[in-house]
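Accompanying notes for the structure given below.
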Amino acid sequence: MTTRLLAQKIVVAALGLALFVSAGISFHRSRNLAEPVVLGPGVTSVKKLGEYFAAIRGTVNDCNLYFMEGREPGGTMLVLGGSHAEEPAGRLAAWLFVENGTVEKGRVIVALSANRSASTMTRLGGAYPPDFTIDTPSGPRMFRMGDRWTNPLDQWPDPEVFIHYPSGQELAYVDIRNLNRTWPGRPNGTFTEKTAFAFMEMIRREKVDVAIDLHEAELQYPVISTIVTHQRGQELATMVSMMLTDNEDFKIGTEFSPLTLHGLSHREIGDHSPAISLLFEAPEPFLDATRGITSREQLLTGKDEFVVKAGRHGLLFEEIDEKGWPIAVRVGRHTSSILQVAETWSEDNPAKPLAISGVPRYAEVIEKGVGAFLQDVTKAGKDRLAYE
Amino acid sequence: MVTLFYYALVAFVSLLLVVNLVRSRSWERDVLYVIVLVPFLLRLLRLK
């Protein structure tokens, strides 16, 4: 090998090394970024999902479960954020409960990263930002931007066809890594099925009365700005929808979970436990196929001229204009909806009340911003700090 | 088992790419091999 050829190879190899190192650092940080959680006044204990199913213990999906016990007994509500980690309003709304909420009656259990594995990567080929930042009075807080599916590093390979258990229904092959297609899970199934099974065990053992799964949807998807409910929650969801639409200046509908569509939380949690299962969908233009630049700004402002244009052509199931769908609006919809469920549930079930305070509602989140309700990490004692 | 086989395959292809990189005489091919090699190494080290 001549000196010139050797020099050429060293230069090219150095270029490759630079690419490898920069990409590797970004991916490593994305997978390992520790998101601090300030335990608010209402958090009485933090448990792990693995406590309910040993196969999950110590894995990437052994997520934190924040227990908020009321001073008085009552019902039990589960709030799931991060079933789909690319839908950050669901995670952030749950975050506001953990950092601000106090439970007077009953008990609230919150998961911020229901499928934690899915939060450790972004969509392959999707050009997603690996993270996003929310400004708070005490400084910026960084969060992982995740994906819809479990990280292939944690579950691989995908089959040609995904046969849902126990229904036997054929679903899209990739959804074998989708937590919201693998309910109720099974103990000897795939990693994602085991995660769903662990949650079902928790729901059954903790005697959860109402399970709420927080999501966001693209505007081209018909199930949007709505509460999807199991048949046992129809009355509750309809009343919540009416109350919110009347009192809170935003429209939210109700849809009934199809009896024969399997794998989703609103169907299977209700079918396989005594809990009423509800799923909330807020609009997220970031997920629309016709979006423009897939940036942090688009994620947080929900502004996108191409999605607006799609709306002008009648291609959307939700309205959008130049104001977009800011993250505060999407988070506020979720916090108000959860609080309204607690209130309506308590009216219908006076023997099992749920009384929650300290969590901002829709108008307050919009007025002050999400960051106003994220607490100062530096002022939290070590015993009042957890990490996602 | 299939995962082990998969990673063995990734390692083997990575090795082939490195061998080709060393043997090649054209800088265009060198660049091609290096760019193709990056995702293989990232997967081998379980970074993505």
Just the residues that are closer than 16 Å to A:Ser241 by Cβ and either assigned to a loop (DSSP other than H, G, I, E, B) or in contact with an Asp or Glu (Cβ under 9 Å, 6 or more places away or on another chain) (or both), please, taken from the stretch A:345-365. A:Trp345, A:Asp348, A:Arg361, A:Tyr362
Can A:Ala211 be described as among the small types (Gly, Ala, Ser), assigned to a strand (DSSP E or B) and more than 15 Å from A:Asn61 (Cβ to Cβ)? yes
Criterion first (closer than 13 Å to A:Ala13 by Cα and either of a type outside the set (S, T, N, Q) or within 10 Å of chain A (Cβ to nearest Cβ) (or both)) does B:Arg29 satisfy it? yes
Please find, among B:Val38, B:Val10, the residue that is in a helix (DSSP H, G or I), surrounded by 13 or more Cβ atoms within 10 Å (Cβ to Cβ) and facing chain A (nearest Cβ under 7 Å). B:Val38
Hits in the stretch A:72-117 - residues which are charged (D, E, K, R) and over 20 Å from A:Thr192 (Cβ atoms): A:Glu72, A:Glu99, A:Glu104, A:Lys105, A:Arg107
So A:Gln375, is it touching a residue at least 40 places away in the same chain (Cβ under 8 Å) and not in a helix (DSSP H, G or I): yes
Every residue in the stretch A:6-28 that is more than 8 Å from chain B (Cβ to nearest Cβ) and either under 19 Å from B:Leu44 (Cβ atoms) or surrounded by 14 or more Cβ atoms within 10 Å (Cβ to Cβ) (or both), please. A:Leu17, A:Ala18, A:Val21, A:Ser22, A:Ile25, A:Ser26
Is it fair to say A:Glu322 is surrounded by fewer than 21 Cβ atoms within 10 Å (Cβ to Cβ) and among the acidic types (Asp, Glu)? yes
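One line per residue, one yes/no per condition, for (1) farther than 30 Å from A:Thr182 by Cα; (2) among the hydrophobic types (A, V, I, L, M, F, W, C); (3) touching a residue at least 12 places away in the same chain (Cβ under 8 Å):
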site: A:Asp249; (1), (2), (3): yes, no, yes
site: A:Arg267; (1), (2), (3): no, no, yes
site: A:Phe286; (1), (2), (3): no, yes, yes
site: A:Gly311; (1), (2), (3): yes, no, yes
site: A:Glu319; (1), (2), (3): yes, no, no
Restricting attention to the stretch B:13-26, which residues are within 10 Å of chain A (Cβ to nearest Cβ), polar (S, T, N, Q) and either in contact with a Phe, Trp or Tyr (Cβ under 7 Å, 6 or more places away or on another chain) or crowded, with 16+ Cβ neighbours inside 10 Å (or both)? B:Ser24
A:Phe132 fails exactly one of the following numbered conditions: (1) surrounded by 15 or more Cβ atoms within 10 Å (Cβ to Cβ); (2) out of contact with any Leu (no Cβ under 8 Å at 6 or more places or on another chain); (3) of a type in the set (A, V, I, L, M, F, W, C). What is the number of that condition? (2)
So the check is Cβ under 9 Å with 6+ separation or different chains; which pairs have a first residue in the stretch A:43-67 that's among the small types (Gly, Ala, Ser) and a second one that's part of a loop (DSSP other than H, G, I, E, B)? A:Gly50/A:Arg57; A:Gly50/A:Gly58; A:Gly50/A:Thr59; A:Gly50/A:Asn61; A:Gly50/A:Asp62; A:Gly50/A:Cys63; A:Ala55/A:Pro187; A:Ala55/A:Asn188
I'd like to check something: does the stretch A:32-45 contain any residue that is in a helix (DSSP H, G or I) and within 14 Å of another protein chain (Cβ to nearest Cβ)? yes
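Quick note: the coordinates plus some simple rules give every number you see, no bench work behind them. Values in this document were obtained by computation on a predicted structure and should not be read as measured data. Counting neighbours? That spans all protein chains shown, and the Cβs are built from the backbone with ideal geometry, glycine included.
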